[in-house]
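Participant: Got a structure here, written out as structure tokens. Questions coming.
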């Protein structure tokens with residue numbers, strides 16, 4: 001089989017159908033029947049009814065290739081680790097590699113310019129034919145999501161998101177170690193609170209209102225919910241000796257959100273959209289620094305500030 005990944009066609013009658021919904025977007029997969037399809041535990045709550053074969057926002061065909069190799073051209077972007085991207089007028093190709101299996105890619109992905117259709121190609125040379133395979137295995141799932149969102153549909157941020165008992169939706173921002181998992185555990189002890197994710201949240205705007213969505217990409221607290229909640233307040237986490245809040249200007253809030261956003265930085269249009277989108281959020285939603293100590297008092301400080 002050649003290294004081209006744009007010309008495969010998996011016929012529905014000869015395929016296994018899978019579908020998941022993440023961040024208000026649906027991913028449909030037609031998998032060749034000789035692929036031992038499995039679903040990661042993290043994605044189980046995000047499974048959709050796939051028996052109808054209804055079209056999804058993003059449709060993917062999953063196939064084997066006898067071999068794959070990295071293109072000779074320079075990539076548009078290289079993660080320096082698992083993946084590299086090659087952008088052209090016909091779409092974007094991603095190649096996934098790992099030092100544990102050698103220089104050849106173990107998997108490839110092609111997406112059309114609209115990020116609506118694509119092909120996932122598995123390298124039979126590297127992936128055991130009998131090994132259970134989830135076609136959206138990380139980081140492929142998150143890559144598709146952040147590229148599709150950058151086309152004008154939202155943004156993924158490094159944050160904890162939850163819905164309080166009164167329906168308020170809180171977003172807690174922080175890099176690794178800032179206290180997202182600690183904050184998640186504090187709120188998990190509260191009756192009537194629904195946590196969406198303790199590490200990755202998708203934000204989208206619908207009917208003039210901003211919404212937070214849970215994702216499968218959880219942190220140490222293991223929170224991954226397919227639910228959503230309205231975004232009513234944003235908090236920048238700082239571990240402290242007391243609990244206190246301080247409002248921050250919209251410009252700083254937008255910069256803090258951008259620093260914690262996942263987006264394809266090599267796509268100029270995506271950057272411009274994301275900057276504008278975050279500016280809209282910070283002009284519409286109150287943003288504060290939450291200096292906190294890991295006690296239930298931090299929860300009450302947030303609730304008191306929202307009264």
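The values are calculated or read from the model by the stated rules, or taken from the named source; none is laboratory data. Keep in mind the model is a prediction, meaning the values are calculated, not measured. No Cβ is skipped: glycine too gets one built from the backbone with ideal geometry, and neighbour counts run over all protein chains shown.
Participant: Is it fair to say residue 163 is modelled with pLDDT of 95 or more and touching a helix residue (DSSP H, G or I) at 6+ places or on another chain (Cβ under 8 Å)? Don't jump to the end; show me each part of the working.
Facilitator: Details: modelled with pLDDT of 95 or more: yes; touching a helix residue (DSSP H, G or I) at 6+ places or on another chain (Cβ under 8 Å): no.
So residue 163 does not fit the description; no.
Participant: Filter the range 90-128 for residues that are in contact with a strand residue (DSSP E or B) (Cβ under 8 Å, 6 or more places away or on another chain) and more than 25 Å from residue 72 (Cβ to Cβ); which is surrounded by the most Cβ atoms within 10 Å (Cβ to Cβ)? Explain how you work it out, then say what you get.
Facilitator: At the first step, the residues of the range 90-128 found to be in contact with a strand residue (DSSP E or B) (Cβ under 8 Å, 6 or more places away or on another chain) are 91-98, 103-113, 115-127.
Pick out the ones that are also more than 25 Å from residue 72 (Cβ to Cβ) and you get 115-117.
Numbers: 115: 21, 116: 14, 117: 16.
Residue satisfying both the conditions and the ranking: 115.
Participant: What number of residues within the range 149-206 are buried (at least 23 other Cβ atoms within 10 Å of the Cβ) and either out of contact with any strand residue (DSSP E or B) (no Cβ under 8 Å at 6 or more places or on another chain) or without any contact (Cβ under 8 Å) to a residue 24 or more places away in the chain (or both)?
Facilitator: Of the residues in that region, 1 qualify.
Participant: So residue 143 passes all but one of these: (1) buried (at least 19 other Cβ atoms within 10 Å of the Cβ); (2) at pLDDT below 95; (3) closer than 30 Å to residue 76 by Cβ. Which condition number does it fail?
Facilitator: (2)
Participant: So residue 222 clears everything in (1) farther than 26 Å from residue 45 by Cα; (2) surrounded by fewer than 16 Cβ atoms within 10 Å (Cβ to Cβ) except one condition, right? Which one?
Facilitator: Here residue 222 clears every test but (1).
Participant: Select from the range 21-38 the residues that are more than 12 Å from the chain's Cα centre (by Cα) and outside any strand (DSSP E or B) and write down the one among them that is surrounded by the most Cβ atoms within 10 Å (Cβ to Cβ).
Facilitator: Taking the range 21-38 as the starting set, the residues that turn out to be more than 12 Å from the chain's Cα centre (by Cα) are 26-38.
From the residues that got through so far, the ones that are outside any strand (DSSP E or B) too are 33-36, 38.
On the way: 33: 11, 34: 10, 35: 22, 36: 13, 38: 14.
By that ranking, first place goes to 35.
Participant: If a residue has to be surrounded by 14 or more Cβ atoms within 10 Å (Cβ to Cβ) and outside any strand (DSSP E or B) to count, how many in the range 39-68 make the cut? Even if it seems obvious, please write down each step before you answer.
Facilitator: Our first condition is that a residue be surrounded by 14 or more Cβ atoms within 10 Å (Cβ to Cβ); within the range 39-68, this holds for 39-40, 42-43, 45-46, 48, 50, 56-65, 68.
Going one step further and asking which of them are outside any strand (DSSP E or B), we end up with 39-40, 42-43, 45-46, 48, 50, 56-57, 68.
Matching residues across the range 39-68 total 11.
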